[in-house]
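Here's the structure we're looking at; comments come further down.
The values are calculated or read from the model by the stated rules, or taken from the named source; none is laboratory data. All of these numbers come straight from a predicted model, not from anything done at the bench. All Cβ positions, glycine included, derive from the backbone under ideal geometry; neighbour counts span all protein chains shown. These area figures cover heavy atoms from the full protein model, side chains too; ligands, DNA and RNA do not enter into them. Shrake-Rupley method; radii C 1.70, N 1.55, O 1.52, S 1.80 Å.
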Amino acid sequence: MLLFFGGAFAAIIVSLGVAFYLFVIMGFFGDMPSRRELQDKRNDTASEVYSADSVLLGRYFLYDRTNIAYRDIDTTVIEALVATEDARFYRHHGVDSRSLARVVIKSILLQKESSGGGSTLTQQLIKNLYPRRDYWILDMPINKAREMVLARRLESVYTKPEILELYLNTVSFGGTIFGVERAAKYFFNTTAKKLKPEQAAVLVGMLKATTSYNPKNHPERAKTRRNVVLSQMAKYGYLTPEEADSLKKLALVTKKEKVDKKKEEQNLAPYFREQLRVELAEWCSNQYKRNGDAYNLYTDGLKIYTTLDSKLQREAERAVAKRMASLQKQFNAHWQGREPWGNDKSVLQNAMRRSPHYRRMKAAGASEEEIEKAFQKRVPMTLYGWNGSFRRTMSPMDSLAYYEKFLNTGMVSMEPETGYVRAWVGGINHNLFKYDHVTSKRQVGSTFKPILYAAALEKGVQPCKYIENKLTTYEQFENWSPQNADNKYGGRYSMEGALSNSVNTVSAQLILNVGVPYTVRLARDLGIHSDLPPVPSLALGTADISLLEMVGAYTAFANEGRISEPVYVTKIVDRNGKALRESEPQRRREVLSPDNAAIMLHMMQAVVNEGSGSGLRSTFGLSLDIAGKTGTTQNQTDGWFIGITPGLVTGVWVGGESPLVRFRSLSMGQGSRTALPIWGEFTSRLVRLGYYSKKVPFAPLSERLENRLNCAPYLEDEPTFFDKVRDVLPFNFPTKEERQEKKKDRKERRAERRAERKRNN
């Protein structure tokens, strides 16, 4: 009877086991990948971004991994792996029957997750490819059973070398380091093909516990573990005992990974690559593979071909670094001993709330008082500087104040004919300043004036119509009284003279003549999508517009009135070379008449030849054709220069993250002193690079258009009656200028007397 019940119990256990196994195979505990899906399975592959001249700019990945073929892995790596992790690898079909009993007893029945010893390399690979799921109290048995089933399926569609290749490309070596090739580079600055036996043993030894046996952080532990692996290799005949003993005596030496030229190139255009990443991640979510899954930017191995020119990009970044370092030095001296924001504590409070440290503490439940206290505690830290990083002991709040004083910049360069973006610099340091100033919006100042002047020409205003330079208060617009930056008034300007000297009083009269709605409509046609306030002050550039939009709008002046929308991706292909997206240069829309575009280009050349952009000739010695416009906003908060050369439209913005971070004087903070030097440096570098050697200069104006522009840029005021009779009077009658000078002197003397009386009292 006892034997009967014992046999029945055993039969029930076996039946339950078989039923359980069948439930797993049938997907009762979750979908089970088929053999076909396993055959298609490859470990995640990074997507790559290339420049127009085929330079790898960067990669998008979840894990830092470089895939390699089995033949490119040294045999000692394979031998060390098999000897240590799965000695019977070549004799089983995914599941080792000898270890199965131990797994059933220890892992399943006794629920000892750390017992180990039962998983083959194939099962470990399945665990890497399909992470374990949570099944509550049945967590271990179900996951183990799933891995066994899938391991057998995998062995039926892959050869042993293919399984080892997939495993060694998938396995983690700690942190974001995945795959033996990447690990070999990171820890020993070599390749998987050139790993020495003792190095291979270190990497295989890490698989037991990547943190504990990290050779850089725990060399002694890693050496001990390495020697265990070498002993295993000797045990299974991959090394002789003498070879193993000799290798154990060697010191464990890691080598710092060298950054080669290709690696440096991958540091190009970080702001551009981040902008692209955000756009492409969204695009991928709406593109579907044959199996119905959406593409994944980080795992599907896409190749993204962009319009960026690596040579132009490199020169743009160098120009920014050189000129911004110099400008920052001037700025620091300008504010020596003072804070640009004075007593306005909101600047640092806002900076604190934007910081990752604040967000982490807030998420952890810290109160405002606790956070404030933490931000006042002095700690050692590394700070960034234009001359290199340096160590200081200061509070996080002090470091915020330090970084808030940095001036930043944005720069973008575009081909007007195609709209292809050739260079993109969103800031001075992407690691510290994430905000991209190519796409951010700031007040544009006088760089908006060419759009207004183009609207005036389109409306029929003649370029030689003279407009008075008079200070006027417009009561109908809340007593708006636009002033010139130099506070000089009088005389009359042609459109060319007013634009080259950036005369605000003339721009105010023009927009009232043309109409604000008409000006806004043309700006929209030129590709400006930002909010444009429907008020006359728009003429002076009070709108917040991105640099990318402004540069796109200026392409119409270089394209005979046709606008080119910005393009920066030309092609995207999948890992098999199939094109998923291709972009051709868009058809250019005509938004200005060719005549008016030519007139605007000519007038903007006068800005460079005689006006606020003349430093490009005198300081940088640039002799090529240049048209452009400077811009400076109120209180020198923003400095701009957008310039057109044969084949390129390039724009530069300079300013602080906070509007309060700016130069106090116009002479130092105007766009011609902040943004224009970066533009000049970049263009000078392109000249030396030979970029313009094959570019066609600007087309000369036709005789008809020259006649329309044949007028003096400036006329003095008509002489008054007193001016006419002055020379015949028997006494010296002062001129208007002399009268104004005397009035100014009297005012200054009165102020001095008041100050003296105040001191005496």
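From the Kirkwood radius over Cα pairs of the range 138-205, Stokes-Einstein at 10 °C and 1.306 mPa s returns a whole-number translational diffusion coefficient of 115 µm²/s.
Once the Cα gyration tensor of the range 142-286 is diagonalised, what are the square roots of 5 times its eigenvalues, in whole Å and ordered largest first, as equivalent ellipsoid semi-axes? List each step's numbers first, then the result.
On the way: eigenvalues 212, 124, 38 Å².
Each semi-axis is √(5λ); the values are 33, 25, 14 Å.
Less than 5 angstrom separates the built amide H of residue 480 from those of 474, all sequence-distant by 5 or more or on a different chain.
With the other protein chains left in place, how much accessible area per residue, in square angstrom, belongs to the range 430-544 at a 1.4 angstrom probe? Could you put the intermediate results ahead of the total?
Working: 4850 Å² over 115 residues.
Accessible surface, normalised per residue, equals 42 Å².
Using the Cβ of residue 544 as centre and a radius below 10 Å, the other residues enclosed give a net charge of 0, where K and R count +1 and D and E count -1. As a ratio to 2.2 N^0.38 Å, the alpha-carbon radius of gyration computed for the range 628-724 takes the value 1.55.
Between the range 317-350 and the range 546-625, what's the alpha-carbon centroid distance in Å? Cα centres, the range 317-350 to the range 546-625: 31 Å. Spin-label model, residue 335/residue 393: points 7 Å from Cα along the beta carbon direction are separated by 2.7 nm. Note on the range 235-386: percent of Cα-Cα distances in each 10 Å bin, starting at 0 and stopping at the bin with the largest distance, equals 7, 16, 19, 25, 18, 11, 3, 1. Remark: the range 525-585 projects, on average over all directions, an area of 5.9 nm² (convex hull of Cα atoms). Based on alpha-carbon centroids, what's the gap between the range 424-475 and the range 198-213 in Å, whole number please? Comparing the Cα centres of the range 424-475 and the range 198-213, I get a distance of 60 Å.
Would you please give the FRET efficiency between residue 439 and residue 350, computed as 1/(1 + (r/R0)^6) with r the Cβ-Cβ distance and R0 = 30 Å, to the nearest 0.05?
Values: r = 21 Å, r/R0 = 0.69.
In this case the efficiency is close to 0.90.
Treating r as the C-beta distance of residue 294 and residue 162 and R0 as 41 Å, the FRET efficiency rounds to 0.90. At the residue level, residue 318 shows approximately 110 square angstrom of accessible surface with a 1.4 angstrom probe and all protein chains present. Report note on the peptides 232-244, 569-581: ranked by the mean count of other C-beta atoms within 10 Å, highest first, their order is 232-244, 569-581.
What length, rounded to one decimal in nm, is gained on full extension from residue 754 through to residue 401, with 0.36 nm per residue of separation minus their alpha-carbon distance? All intermediate terms of the calculation are to be shown ahead of the outcome.
On the way: separation 353, 0.36 × 353 = 127.08 nm, distance 3.93 nm.
Stretched out fully, the residue 754 to residue 401 stretch lengthens by 123.2 nm.
Charged side chains reduced to their Cβ positions (Lys and Arg at +1, Asp and Glu at -1) give the range 218-353 a dipole of some 440 debye around its Cα centre.
Counting every alpha-carbon pair across the range 381-475, the share separated by more than 19 Å comes to 67%. Label point of residue 228 set 7 angstrom out along Cα-Cβ; within the range 50-91, amide nitrogens under 13 Å from it belong to 84-85. FRET efficiency for the pair residue 470 and residue 635, taken as 1/(1 + (r/R0)^6) with r the Cβ-Cβ distance and R0 = 25 Å, rounds to 0.55. Once the Cα-Cα distance is subtracted from the 0.36 nm per residue extended length, the residue 512 to residue 370 segment shows a gain of 45.6 nm. For a modelled paramagnetic label at residue 665, 7 Å from Cα along Cα-to-Cβ, the residues of the range 323-346 in reach, with backbone nitrogen under 20 Å, are 326-342.
Counted by Cβ distance under 12 Å from residue 698, the other residues give a net charge of -1, where Lys and Arg count +1 and Asp and Glu count -1.
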